[in-house]
Amino acid sequence: MASYHSTRSSSHTCSSREAVRQGLAPDGGLYVSDSLGQTKIDVKGLANRSYTDLAREIIALLLPDYTADEIAACVDEAYTNTFSSPELTPIHRVGELADSEAPLYSLELFHGSTSAFKDVALQMLPRLMARTTPVPAKTVPGDMPEQRSSEAPTERIMIVTATSGDTGKAALAGFADAPGTGICVFYPEGKVSRVQELQMTTQQGSNVAVSAVRGTFDDAQSAVKAIFADTELAERLRAENIVLSSANSINIGRLVPQVVYYFAAYAQLVRAEAIKPGDAVEFCVPTGNFGDILAGYYARELGLPISQLIVASDRNNVLADFLATGTYDRRRPFFTTSSPSMDILISSNLERMLYYLSDNNCELVADLMAKLQHDGVYAIPEELLVKIRSIFSGGWASEEEVAHAIRDCYERFGYLIDPHTACAYHVLTQTQANQSSRARIMLATASPYKFPRAVAAALGLHVSEDDFECMKAVAAKTGTEAPKALAELATETPRFHDVQDIDQLGAYVEQAARMLDA
Ligand SMILES: *Cc1c(COP(=O)(O)O)cnc(C)c1O
């Protein structure tokens, strides 16, 4: 089933399985399917659906050439005993931000093993990836010709991932010791929290490599995209039966599992009788690479009644400016903030949104992306901007506003949030609810204990040089508890100490690929 093609050209198509395996399309575009939205999920029946039940239906719809059995197995493996909440992504009623307005809820996405929302997708992606391994021609059913390959049985995958802080650990946790797979993670030196860095550098597993890079996340992500486009490197690796792929949200297999929690949130609200089936709700999403909020757009296309999707940025407010003006301009200073996972100036997944909202206009998308690459700026047609604005709105929070939001949310509602979630909270306090919305839902993307220093400072606590002292101070003040895996980092010894220049990443990947067992 050839259902996917690049955002930049529809001439070459492939199966969803192949799209997951490759990550990025060969022309540098992102894989999209034109059948998105043709089949809807039954909203009236949502109340009775469990998370895993929804996951099976939604993943099957979006990745149509996996079998129902394969998807069921992936869902079971990914979501049995891997999250500390029975709902996986529980919803918490925060309270009313303003009188006579729809109440605010928090969709807690951080109950997985690495305490950020990336766990939801990165528990799933390795299982989906494992089921893309080509098998010898004689055992393949005739209807899957792209699965045939003569050198197939031993082909291995090297996952190459740039991280702004949270993807790295979640991907390492998902892929560590996965058979036939290696993983290489690059994070920007000095631009992630101490806890995030330790999470990555202490990772166990024989197939993992972690390195800091001198530069920003954008530099690292661009270098990784260049590595995928390096045909000579690909040839050398192919000679050793290794292919490269991505665990970033440019991979459709990363995006699809994130669609599920939008539906699961809605189902929980119906069960709690906070809304009736069919009521409109709005989501506000702390945004960096535009993956999480794009999953919300996919949910809307699948029939979820979403009145608006609100992009919340930090001081790196390129998206808020884009939504205000229609001009995407990355030529601006980069700021390292207390919400490092959103310190991004090139939001890769915006490309998919532009594709869909321009009515599948590959030429336009290719042209805009070329302008972004060469000039660092592009402007979209007015009618496209109008269409985008009918669904998306946006705002951003300065560092002072983030700190104020953490404190305000805690003092008014007794609810502790991390600096990323605080951007969403701030933007919601600044924007009126859509008239039709019955609930305002902010996505809580990380545990506050991943950023204990910023949180302690926002709460006015003594800020120690030691992040683990900050954790204790936050716990004592709020009566909450640090996730065990984070507190235990205090006594773990880092395994990785590498720092690379941006132009060395290709060589580093090649070396890491060689450590994969043949
Ligand atoms: C990755 C991340 C984000 C940004 O999500 P995108 O999908 O890149 O927009 C926000 N908050 C946290 C905590 C994250 O880890």
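The values are calculated or read from the model by the stated rules, or taken from the named source; none is laboratory data. Remember, predicted model here, so these are calculated numbers, not experimental data. Positions of Cβ are backbone-derived with ideal geometry, glycine not excepted, and every protein chain shown enters the neighbour counts.
General observations
- In segment 443-465, the residue that is farthest from the ligand (Cβ to nearest atom) out of those that are of a type in the set (D, E, K, R) and modelled with pLDDT of 95 or more is 453.
- Counting the residues of segment 487-515 that are closer than 22 Å to residue 225 by Cβ and in a loop (DSSP other than H, G, I, E, B) gives 1.
- Residue that is within 14 Å of the ligand (Cβ to nearest atom) and out of contact with any Asp or Glu (no Cβ under 8 Å at 6 or more places or on another chain), where the choices are 361, 349: 349
- Taken over segment 103-137, the criterion of being modelled with pLDDT of 95 or more and more than 26 Å from residue 200 (Cα to Cα) is satisfied by 103, 104, 105, 106.
- Residue among 299, 264, 312 that alone is within 19 Å of the chain's Cα centre (by Cα) and within 13 Å of the ligand (Cβ to nearest atom): 312
- Strands (runs of 3 or more DSSP E) (entirely within segment 1-97) containing at least 1 residues that are among the β-branched types (Val, Ile, Thr): 9-14, 31-33, 91-95
- Selection count, segment 423-437, where residues are more than 15 Å from the ligand (Cβ to nearest atom) and in contact with a helix residue (DSSP H, G or I) (Cβ under 8 Å, 6 or more places away or on another chain): 1
- Any hit, segment 38-53, residues being of a type outside the set (Gly, Ala, Ser), within 21 Å of residue 277 (Cβ to Cβ), loosely packed, with under 14 Cβ neighbours inside 10 Å and in contact with a Pro (Cβ under 7 Å, 6 or more places away or on another chain): yes
- Top-ranked residue in segment 178-207 [being β-branched (Val, Ile, Thr) and more than 20 Å from the chain's Cα centre (by Cα); ranked as nearest to residue 123 (Cα to Cα)]: 181
- Test set (1) assigned to a strand (DSSP E or B); (2) among the charged types (D, E, K, R); (3) within 11 Å of the ligand (Cβ to nearest atom) - residue 282 fails condition number: (3)
- Number of positions in segment 206-233 that are among the small types (Gly, Ala, Ser) and closer than 14 Å to residue 247 by Cβ: 2
- Counted residues, segment 55-106 - those being in contact (Cβ under 8 Å) with a residue 60 or more places away in the chain, among the charged types (D, E, K, R) and more than 20 Å from residue 122 (Cβ to Cβ): 3
- Against the conditions (1) more than 13 Å from the ligand (Cβ to nearest atom); (2) more than 20 Å from residue 348 (Cβ to Cβ); (3) at pLDDT 95 or above; (4) not β-branched (Val, Ile, Thr), residue 153 satisfies every one except (3).
- Residues of segment 319-328 satisfying the condition of being surrounded by 21 or more Cβ atoms within 10 Å (Cβ to Cβ) and closer than 22 Å to residue 400 by Cα: 319
- Restricting segment 355-385 to residues that are part of a helix (DSSP H, G or I) and of a type in the set (Gly, Ala, Ser), the residue that is nearest to residue 344 (Cα to Cα) is 370.
- Any hit, segment 282-293, residues being closer than 30 Å to residue 510 by Cα and of a type in the set (A, V, I, L, M, F, W, C): yes
- Residue list for segment 294-319, restricted to those being under 19 Å from residue 102 (Cβ atoms) and not in a strand (DSSP E or B): 296, 299, 300, 304, 305
- First in segment 441-459 and assigned to a loop (DSSP other than H, G, I, E, B), second anywhere and of a type in the set (Val, Ile, Thr), Cβ under 7 Å, 6 or more apart: 445/421; 459/406; 459/474
- The lone criterion from (1) more than 19 Å from residue 441 (Cβ to Cβ); (2) within 16 Å of the ligand (Cβ to nearest atom) left unmet by residue 134 is number (2).
- Yes/no for residue 332 being more than 15 Å from the ligand (Cβ to nearest atom) and not acidic (Asp, Glu): yes
- Yes/no for residue 275 being modelled with pLDDT of 95 or more, under 20 Å from residue 249 (Cα atoms), in contact with a Leu (Cβ under 7 Å, 6 or more places away or on another chain) and not hydroxyl-bearing (Ser, Thr, Tyr): no
- Residue within segment 425-432 that is part of a loop (DSSP other than H, G, I, E, B), polar (S, T, N, Q), surrounded by fewer than 24 Cβ atoms within 10 Å (Cβ to Cβ) and in contact with a Lys or Arg (Cβ under 9 Å, 6 or more places away or on another chain) present: no
- Single residue of segment 389-422 satisfying the filter (β-branched (Val, Ile, Thr) and buried (at least 23 other Cβ atoms within 10 Å of the Cβ)) that is nearest to the ligand (Cβ to nearest atom): 421
- Among the residues of segment 472-486, those identified as buried (at least 17 other Cβ atoms within 10 Å of the Cβ) and part of a loop (DSSP other than H, G, I, E, B) are 482, 483.
- Count of segment 239-261 residues which are assigned to a helix (DSSP H, G or I), among the hydrophobic types (A, V, I, L, M, F, W, C) and within 16 Å of the ligand (Cβ to nearest atom): 5
Results for (1) surrounded by 24 or more Cβ atoms within 10 Å (Cβ to Cβ); (2) in contact (Cβ under 8 Å) with a residue 60 or more places away in the chain; (3) closer than 26 Å to residue 29 by Cβ, shown as yes or no for each residue.
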position	(1), (2), (3)
249	yes, yes, yes
254	yes, yes, yes
260	yes, yes, yes
266	yes, yes, no
273	no, no, no
287	yes, yes, yes
294	yes, no, yes
303	no, yes, no
